[in-house]
Amino acid sequence: MNVADSQRVESALERLGYNFTLRPGDADVIILNTCVVRQSAEDKAVGRLSSLKPLKDRRPNLVINLMGCMVGVKGSQQLQKRFPYVDVFSPPSDPGPLIAHLTQDESRDREQVETDQRHAIMDGDLILPAHQRDRLISAFVPVVLGCSHACTFCIIPYRRGVERSRAVEEIVAEVRSLVAQGVKEVTLLGQIVDRYGKDIPDGPDLAALLNIVHEVDGLERIRFLTSHPNWMTDELLDAVAELPKIMAHIEVPVQAGDDQVLADMRRGYTVSEYTHLVEKIRDRLNGGFPGVSIATDIIVGFPGEKQNQFQRTYDLLAELKMDVAHLARYSPRSGTVADRRMVEDVTEEEKWERFRSLEELQEQVSGEINQRYLGKQVEVLFEEEVRGRWKGRTTTNKLVFVESERPLQGQILPVRITWTGPWSMQGRLAQKESTQVSIEMLATTS
Ligand code: SF4
């Protein structure tokens, strides 16, 4: 979500005539787009912000903008006191305050300022920043902002606000605009993406949205994340199964493998309901190779999590054999229910131990799943060249590297997998069977 937000700000600033630089020393405006989902992320943001102070002391005209979840949606008075050298504070997904600050020059007439502001933050017509135009292959498109679920450990609803779905027309216009600038794949984003449209009376749901976006000419692939187990409907799975551009990769976090821990997290489902869902996804989407891939998230060391409860999480992960597991050690976030009402009784050492044992397990599981790709041919969309090799993804979101003299960016090509590891694969370009047939036919006719 932050990648998509940063792109929007960058694009808004280009409309005002600014150019992008990675060197803070060269910049007239520095934007720090922050994540505070864990304490370590917040510490990093504070560290970066503090490191900018000497620069601001030397160049008082420099504009520093703090943006994102560290600011949140409920005002920034405390942050203003703590960081008086910051000029602008912006909530997540909102370039508005920065644009207003940069266009407030009194010598410009009000109408021009308003036009600049409107163009700079206009939705649905996203012009990519110059360095990404005709280069970016895969783009993120937020479709649901905020979250109203309020899991007890999570700070996101406090910082990103209540759930708001974007209008279909706006999303489709943005996707069309991205495709016109060279994008081949979009990932529709939401904290609970499968709740898309629930806040719009008689609005379309995610399955309907996927059907609509699927019609965009020139778009090759569509993904969506992150799903919540309670909102994954049969219609949604049907859309993934039936629409060729929708990739069979589902991100659906379980968070824990013990019913009491899940209830304490207020996730809203049980382990057996989650297991049933995974079976259903595989039944519906696993026809043929490579079938569907499923990713999950797990938090270890939630307050009150006993060793035997953690063991159930371990056993669940071993049983379900997910393609990917994003693992996190519980980190208390100020203001959340877990922080206010629960006792943090799992030591850091225990959290690390649990984290490492899941990490080891998942490495083995991912390695075994990926080994099934060895020798097989898969379709890969290539995104960019990284250190002399072309990087792309399979339909199932597996990372593949291929050596090639000719540029592959933006192409979907068949690749024969020659090596697999838990986190990536290598392969070589394979012949397209249909191309061989047509060449032979051409030779016969001539
Ligand atoms: S569903 Fe739960 S974990 Fe996900 S963003 Fe909402 S509150 Fe946070």
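Laboratory data are not the source of any read-out in this text; all were calculated from the coordinates shown. In this text, all values refer to a predicted model and were calculated from it rather than measured experimentally. Heads up, the Cβs are rebuilt from the backbone with ideal geometry, glycines too, and the neighbour counts pull from every protein chain shown.
Numbers for the structure displayed
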item	result
Sum of -39500 (n - 2.57) over DSSP H runs of 4+, divided by residues of the chain (222 nm, nearest 500)	-11500 deg cm²/dmol
Rounded FRET efficiency, nearest 0.05, which uses the C-beta distance separating A180 from N230 and R0 of 51 Å	0.90
For the chain: rounded, prolate or oblate by the Cα gyration tensor [a/c cutoff 1.5]	oblate
Residue pairs, from the table K74/K280; K184/K280; K351/K398; K198/K351, whose Cα atoms sit over 31 Å apart	K74/K280; K198/K351
E353/Q104 FRET efficiency (R0 56 Å; Cβ-Cβ; nearest 0.05)	0.55
Fluctuation leader among E185, E273, E305 - the chain, Gaussian network, Cα springs under 10 angstrom	E273
Where labels lie 7 Å past Cα in the beta-carbon direction, separation of D134 and V162 in nm	4.6
Cysteines not pairable in the chain (beta carbon separation under 4.7 Å absent)	C35, C69, C147
Excluding exposed DSSP-loop chymotrypsin sites (Phe, Trp or Tyr not before Pro) (at most 13 other C-beta within 10 Å), longest clean stretch of the chain	21-422
When the range 40-87 is reduced to its Cα atoms, the Kirkwood hydrodynamic radius in Å	11.4
Sorted by Cβ density within 10 Å, fewest first, the residues D202, D234	D202, D234
Three-way shape label, the range 136-294, alpha-carbon gyration tensor, a/c 1.5	oblate
Sequence-distant lysines (8 or more away, or on other chains) whose Cα lies within less than 23 Å of K81	K44, K53, K56
Kirkwood Rh and Cα Rg combined as Rg/Rh, the range 237-383	1.02
The range 132-196 shape via C-alpha gyration tensor axes, a/c threshold 1.5	prolate
Restricting the range 352-432 to GluC sites (Glu not before Pro) in coil, as DSSP defines it, with at most 10 other Cβ within 10 Å	E405
Point-charge dipole on Cβ atoms (K/R +1, D/E -1) for the chain, about Cα centre, debye to 20	1000
